[in-house]
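Heads up, the thing below is written out as structure tokens.
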């Protein structure tokens with residue numbers, strides 16, 4: 001019976017499909033994690049500078065892996081959309097273009113560059129000026145309302161005084177007419 005190498009497999013295509021091939025960055029990540037585990041022995045001292053350096057390297061590799069996954073996801077989405085579009089009928093194509101999707105930007109962060117800092121400063125100054133003018137307008141409206149209310153109250157008091165004087169005059173007039181004419 002021939003001796004087979006451990007790298008050669010006979011008709012195990014199902015196993016190969018099930019096993020996921022690791023990318024270069026994932027292999028590097030596994031190697032770095034193994035080095036970190038080896039740098040932390042159960043007994044003895046830990047080599048902290050080496051561990052910190054390896055953890056930083058691991059974080060960098062994780063960022064690369066996430067970027068690769070995101071890139072692969074977008075490529076797969078484009079391939080899937082292209083495949084769907086190629087297999088689409090004329091009516092389906094019309095519907096697709098009627099309802100074209102708009103990508104939503106989730107990251108609204110503003111980069112911290114000198115240009116954006118200048119713009120941010122101008123925006124804040126204009127916003128502050130606008131808020132001050134709105135506050136002044138509000139104060140003026142309140143003052144005008146107070147003045148108008150005082151005028152109305154003063155007019156009401158004057159009318160009441162006039163009515164009272166008119167009433168007194170009528171009473172005196174009626175009294176005089178009754179007493180002098182009888």
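A short reminder: the numbers here are calculations on the coordinates, not readings from a lab. Because the structure is a prediction, the values reported are computed rather than measured. Here the Cβ positions follow ideal geometry from the backbone for every residue, glycine too, while neighbour counts run over all protein chains shown.
A few points about this structure:
- Filter result for residue 68 (in contact with a helix residue (DSSP H, G or I) (Cβ under 7 Å, 6 or more places away or on another chain), assigned to a helix (DSSP H, G or I) and farther than 18 Å from residue 34 by Cβ): yes
- A residue that is part of a helix (DSSP H, G or I), surrounded by 10 or more Cβ atoms within 10 Å (Cβ to Cβ) and out of contact with any strand residue (DSSP E or B) (no Cβ under 6 Å at 6 or more places or on another chain) occurs somewhere in the range 96-108.
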